[in-house]
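Have a look at the structure below before the remarks.
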Amino acid sequence: MTGLRATNKERNRRQILLAAATIVEERGLAAMTMREIARCAQLSVPTIYNLIGGTNDVVLAMVTSQNDRYGAQFENSTANPEDRAVAAVTGLADTMLEHRTVTREIIGHSQTMLRAAGGPGIFSKATEVLTGCFRQAENEGLIRAHLDPAILARRTMGMIIASAHSWANNDSSDAALRVEAEHAVLLIIAAVSMPAGRDRIDARLREVELRLTNLTGAPDQTVRTSNASP
């Protein structure tokens, strides 16, 4: 009986999140009231409060669900830390683009996803993955020692959050969001890389900058930071 009850709770929870996502997709975040979620999910308002909470909790649950799907991609990755870091940020962009309307609405109208990197929200898992990448890179002697991997990850995510906000406000394209994420992490890696790998990182960064320039049509005014501390 306990197993059946747990199964029913999980099914109802999925119904709630699906209903909420459908409402946001079709009519925007403002239309996502408790009564409307209950109607679409064919559940009672008290049931929603019991399983998840109020509308803010539903938004956070939607974001957490994205986090879980995103994080599963990197649990058993064997890539080198540089490629893994790039995959982490481009994978984050892909997760956001998978349900672009919902993600745009949440970023544009809610602070849930725009809290400091490392806190609750869609960016927390990416920050965790990046921290691991920078720690691995330091252990392998690929970046300078005695740097705080968590700070490097937060600096990277700060740039990506700014790009995500611009994208949510329709100030940049889907393609630009992905390339800007890649550019952000390579910029930080270039700033702290060891001399032996700096030329290769700079070449990779330059290639990304050219792609970004082609997408945005803006002149390349990137400040070179290979010899600067983050």
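The values are calculated or read from the model by the stated rules, or taken from the named source; none is laboratory data. The shown structure was predicted, so the numbers you read here are calculated from the model rather than taken from an experiment. Cβ sites come from the backbone with ideal geometry, for glycine too, and all protein chains shown count toward neighbours.
Given the criteria modelled with pLDDT under 90, assigned to a helix (DSSP H, G or I) and of a type outside the set (Ser, Thr, Tyr), does Met159 qualify?
Criteria not met by Met159.
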Exercise. Out of the range 11-43, which residues are touching a helix residue (DSSP H, G or I) at 6+ places or on another chain (Cβ under 8 Å) and either of a type in the set (Val, Ile, Thr) or at pLDDT below 90 (or both)?
Worked result: Ile16, Ala21, Thr22, Ile23, Val24, Glu25, Gly28, Leu29, Ala30, Thr33, Ile37
Problem set entry | the range 24-37: number of residues that are under 12 Å from Val58 (Cα atoms) and either assigned to a helix (DSSP H, G or I) or of a type in the set (D, E, K, R) (or both) | 4
Exercise. For the range 44-91, how many residues meet the condition of being at pLDDT below 90 and at positive phi?
Worked result: 0
Problem set entry | Among residues of the range 162-177, those that are part of a helix (DSSP H, G or I), in contact (Cβ under 8 Å) with a residue 24 or more places away in the chain and surrounded by fewer than 23 Cβ atoms within 10 Å (Cβ to Cβ), counted | 5
For this session: Determine, yes or no, whether Leu43 is more than 14 Å from Asn56 (Cα to Cα) and in contact (Cβ under 8 Å) with a residue 24 or more places away in the chain.
Result: yes
